[in-house]
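The values are calculated or read from the model by the stated rules, or taken from the named source; none is laboratory data. The structure presented is a predicted model; accordingly, all values stated were derived computationally and were not measured. Every residue, glycine as well, gets a Cβ built from its backbone with ideal geometry; the counts of neighbours run over all protein chains shown.
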There are 2 protein chains.
Amino acid sequence: MVGTEGTQGARHRAAPVHARLADVTVQEALAALADPVRMRLVRELASSPEWTRACGSFDVPVGKAALSHHFAALRAAGVVEQRDEGARRVNRLRRAEFDARFPGLLELVLRGD
Amino acid sequence: MVGTEGTQGARHRAAPVHARLADVTVQEALAALADPVRMRLVRELASSPEWTRACGSFDVPVGKAALSHHFAALRAAGVVEQRDEGARRVNRLRRAEFDARFPGLLELVLRGD
DNA sequence: CTGGGTGTTCAACGAGGATCGAACACCCGG
DNA sequence: CCGGGTGTTCGATCCTCGTTGAACACCCAG
């Protein structure tokens with residue numbers, strides 16, 4: 001566990017709460033991914049190393065507020081994991097876990113078309 | 001091609017138009033399936049032999065009008081195929097074709113949870 | 001401590017879509 | 001020809017959800 005800690009030692013902010021994959025239904029998963037903005041987020045996130053992309057660093061045509069909502073949705077569906085790193089909140093795709101729960105779904109989304 | 005024709009020789013009704021699977025996007029597919037009613041339709045349909053279930057024969061808590069809309073949505077997404085058989089419109093799941101286009105997705109929905 | 005950057009929350013708005021009832025079209029059995 | 005059964009379409013309603021702007025909270029660099 002040495003080397004990846006960085007700046008996240010003490011967290012005084014509201015810690016993001018994540019979903020237990022087992023509690024996520026297929027419907028919720030599909031509904032979460034069946035949105036153009038969220039799909040772009042997922043794809044863009046997949047093409048970057050983990051924990052490198054802050055929420056605001058995505059190329060989507062919506063304001064901060066909407067963006068926050070979308071990330072909350074993805075979090076609730078168990079698609080992404082978030083961690084506070086200083087002032088910004090960085091993301092990672094829960095690839096393995098999500099794929100174990102919904103085999104092929106993420107791959108399907110990432111394949112694009 | 002002999003033996004499965006049945007009653008559908010001449011069709012004077014409005015023939016149901018089906019989607020070309022290649023033109024269906026992942027988003028449309030997910031959006032079509034991310035609905036409780038439509039999901040029940042698909043599951044129930046999967047547990048019956050092809051061409052045996054008419055639209056009205058499904059156990060869903062909506063009226064005829066809504067039902068018609070839902071079937072149109074599933075049709076547009078390439079999930080189901082419909083054929084007029086006398087007065088009623090019977091359905092079949094496009095399992096192989098849909099699975100070829102979106103591998104694992106249908107299986108995921110049918111698995112339930 | 002102050003200021004800029006980042007994200008969340010809130011209230012409000014608007015668009016999309018799910019739903020219903022009713023009207024219509026069609027097919028079949030009397 | 002008529003009537004019941006089956007589906008589609010239309011108009012209207014309702015509600016969910018995506019979106020915004022503003023206010024707030026937090027962190028870091030000066």
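Restricting the search to the range A:19-28, which residues are in contact with a helix residue (DSSP H, G or I) (Cβ under 7 Å, 6 or more places away or on another chain), within 8 Å of chain B (Cβ to nearest Cβ) and not in a helix (DSSP H, G or I)? Hits for the range A:19-28: nothing passes.
Taken as a whole, the structure places residue A:108 among residues that are within 14 Å of another protein chain (Cβ to nearest Cβ), surrounded by 14 or more Cβ atoms within 10 Å (Cβ to Cβ) and not hydroxyl-bearing (Ser, Thr, Tyr). Return yes when residue B:113 is exposed (fewer than 14 other Cβ atoms within 10 Å of the Cβ), away from every other protein chain (no Cβ under 14 Å) and out of contact with any strand residue (DSSP E or B) (no Cβ under 7 Å at 6 or more places or on another chain) and no when it is not. Answer is no for this residue.
For the residues A:46, A:14, A:54, the requirement of being free of Cβ contacts under 8 Å to residues at least 24 places away in the same chain, touching a strand residue (DSSP E or B) at 6+ places or on another chain (Cβ under 9 Å), of a type outside the set (Lys, Arg) and surrounded by fewer than 19 Cβ atoms within 10 Å (Cβ to Cβ) singles out A:14.
Within the range B:63-113, the set of residues being touching a helix residue (DSSP H, G or I) at 6+ places or on another chain (Cβ under 9 Å) and among the acidic types (Asp, Glu) comprises B:81, B:97, B:99, B:107, B:113. Residue check: is residue A:44 assigned to a helix (DSSP H, G or I), within 30 Å of residue B:40 (Cβ to Cβ) and away from chain B (no Cβ under 14 Å)? Against the criterion (assigned to a helix (DSSP H, G or I), within 30 Å of residue B:40 (Cβ to Cβ) and away from chain B (no Cβ under 14 Å)), residue A:44 does not qualify.
Scanning the range A:58-77 for residues that are within 12 Å of DNA strand C (Cβ to nearest atom) and out of contact with any Asp or Glu (no Cβ under 9 Å at 6 or more places or on another chain) gives A:62, A:63, A:64, A:65, A:66, A:67, A:68, A:69, A:71, A:72, A:74. In the range A:103-113, the count of residues that are assigned to a helix (DSSP H, G or I), within 11 Å of DNA strand D (Cβ to nearest atom) and touching a residue at least 60 places away in the same chain (Cβ under 8 Å) is zero.
Residues checked against (1) more than 12 Å from DNA strand D (Cβ to nearest atom); (2) more than 14 Å from chain A (Cβ to nearest Cβ); (3) at pLDDT below 95; (4) part of a loop (DSSP other than H, G, I, E, B):
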site	(1), (2), (3), (4)
B:30	no, no, no, no
B:49	yes, yes, no, yes
B:56	no, yes, no, no
B:61	yes, yes, no, yes
B:67	no, yes, no, no
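When residues in the range A:78-97 are screened for being within 9 Å of the chain's Cα centre (by Cα) and more than 9 Å from DNA strand C (Cβ to nearest atom), 7 of them pass.
Residues in the range B:75-102 that are more than 14 Å from every other protein chain (Cβ to nearest Cβ), outside any strand (DSSP E or B) and either at positive phi or surrounded by 19 or more Cβ atoms within 10 Å (Cβ to Cβ) (or both): B:75, B:86, B:94.
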